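In what follows, a structure is listed as structure tokens, so that the remarks can point back to it.
The values are calculated or read from the model by the stated rules, or taken from the named source; none is laboratory data. None of these values were measured; they are calculated from a predicted model. Reconstructed Cβ throughout: ideal geometry from the backbone, glycine too, with neighbour counts over all protein chains shown.
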Amino acid sequence: MFRTPLFVAATALAASTLFTACETKPATASEAASPTAEALAADSAGTPVTSGTAATAEAEANATPAPDPSSIPAGSIADAATITARPQVPILCYHQIRNWRPKDSKNAKDYIVPEQAFRDQIKMLADSGYHTVLPDQLYAYLTTGAKLPSKPIMLTFDDTDLDQFTVARPTLDKYGFKAVYFIMTVSLGRPNYMSKAQVKQLSDEGNVIGSHTWDHHNVKKYQGQDWVTQIEKPTKTLEEITGKKIKYFAFPFGLWNQQAIPELKKRGFVGAYILAEKRDPIDPLFTIRRIIASGYWSPRTLHNSIVQSF
């Protein structure tokens, strides 16, 4: 029986409730106030640069082209222990990219990255020589040991917020970075959320679109028809929008249970993303870790968090 909340509740959940449910460690006041001079240097030229100031053609060439996961023979896929033992690739999770408002709570500000702070964080990644990778590349690396570019990192965005298109996209484009957008389909076309055309554009431009349920309902509470309402129908919608197979899923709030993994596999997913919890030793591809990039973090704090968390 249909048990999901109505749109009003859903959008409230997406816009506010998730702030208290996601897990992150806020930066201290001193950390947030002490960005490096290099990371915050004004980029006045405004001209596009390559994927990271320190990037080289050789580094990109050394990466293995990512095959579609379905083309990798089952016998070539490593066992769970081998996958878990491989060094983790840093993965950042962003939500809203906008300036703080007086009504934003202290906790909410962890999930709302001010526009200039976001630009400074991405510039730091570029200046530090990071190269963005996408889920098929990560899948091939984890399952077969395929090569990745030097200093790989994955950038992910949850919940379909419009500012991910209007602010994040042009910032990433400036450095040749690509990202993964986990879409909550209930919000498509609503005020302050992306339209179907914008989601398609992101996909057409080489970014990856993933599923993030219909209305951010906690996967741990799914029963019966919830799998159709929250997973099957939204995934079909995204496939119709992009014209591509949707293969990757992000758990709302980062909350998962082992019962959800076979349900995702039955519906064609090959990988799923959580937050900063422990991975499942049996199915590590369905519990890939991410950390939330806090709105309080300076570029230096973000860099330290990347190094310490992965």
Any residue at all in region 202-219 that's surrounded by fewer than 22 Cβ atoms within 10 Å (Cβ to Cβ), assigned to a helix (DSSP H, G or I) and in contact with a Phe, Trp or Tyr (Cβ under 8 Å, 6 or more places away or on another chain)? no
Just one of (1) of a type outside the set (G, A, S); (2) crowded, with 20+ Cβ neighbours inside 10 Å; (3) over 15 Å from the mean Cα position of the chain (by Cα) trips up L275, so point out which. (3)
Selection count where residues are touching a helix residue (DSSP H, G or I) at 6+ places or on another chain (Cβ under 6 Å), part of a helix (DSSP H, G or I) and in contact (Cβ under 8 Å) with a residue 60 or more places away in the chain, scope region 282-302: 4
Quick one: would you say E240 is at pLDDT below 95 and acidic (D, E)? no
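Name the residue, out of T160, T144, that is in contact with a helix residue (DSSP H, G or I) (Cβ under 6 Å, 6 or more places away or on another chain), buried (at least 24 other Cβ atoms within 10 Å of the Cβ) and not aromatic (F, W, Y). Even if it seems obvious, please write down each step before you answer.
Values: T144 fails: buried (at least 24 other Cβ atoms within 10 Å of the Cβ).
Of T160, T144, the one residue that is in contact with a helix residue (DSSP H, G or I) (Cβ under 6 Å, 6 or more places away or on another chain), buried (at least 24 other Cβ atoms within 10 Å of the Cβ) and not aromatic (F, W, Y) is T160.
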Do we have R119 as under 24 Å from K174 (Cβ atoms) and modelled with pLDDT of 95 or more here? yes
In region 95-124, anything free of Cβ contacts under 8 Å to residues at least 60 places away in the same chain and either among the β-branched types (V, I, T) or in contact with a Cys (Cβ under 7 Å, 6 or more places away or on another chain) (or both) is listed as I122
Being crowded, with 22+ Cβ neighbours inside 10 Å, within 20 Å of D161 (Cα to Cα), aromatic (F, W, Y) and under 19 Å from the mean Cα position of the chain (by Cα): is that true of F251 here? yes
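If you go through region 76-92, how many residues are assigned to a loop (DSSP other than H, G, I, E, B) and among the small types (G, A, S)?
Restricting attention to region 76-92, the residues satisfying the condition of being assigned to a loop (DSSP other than H, G, I, E, B) are 77-79, 86-90.
Filter again for among the small types (G, A, S), leaving 78.
Result for region 76-92: 1.
Residues of region 105-123 being assigned to a loop (DSSP other than H, G, I, E, B) and either touching a helix residue (DSSP H, G or I) at 6+ places or on another chain (Cβ under 9 Å) or under 14 Å from T156 (Cα atoms) (or both), which ones? Spell out the reasoning first.
Just the residues of region 105-123 that are assigned to a loop (DSSP other than H, G, I, E, B), to begin with: 105-107, 111, 114.
Correct list: S105, N107, Y111.
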State which residue is farthest from F249 (Cα to Cα) when the search covers only region 168-177 and only residues that are surrounded by 18 or more Cβ atoms within 10 Å (Cβ to Cβ) and touching a residue at least 60 places away in the same chain (Cβ under 8 Å). Y175
Residue among V186, V208 that is out of contact with any Leu (no Cβ under 6 Å at 6 or more places or on another chain) and closer than 20 Å to H95 by Cβ: V186
Can you tell me which residue among Q230, Q259, Q225 is surrounded by fewer than 17 Cβ atoms within 10 Å (Cβ to Cβ), in contact (Cβ under 8 Å) with a residue 12 or more places away in the chain and either more than 26 Å from V167 (Cα to Cα) or in contact with a strand residue (DSSP E or B) (Cβ under 9 Å, 6 or more places away or on another chain) (or both)? Q225
Among (1) of a type outside the set (D, E); (2) assigned to a strand (DSSP E or B); (3) surrounded by fewer than 20 Cβ atoms within 10 Å (Cβ to Cβ), there is one condition M154 misses while meeting the rest; what is its number? (3)
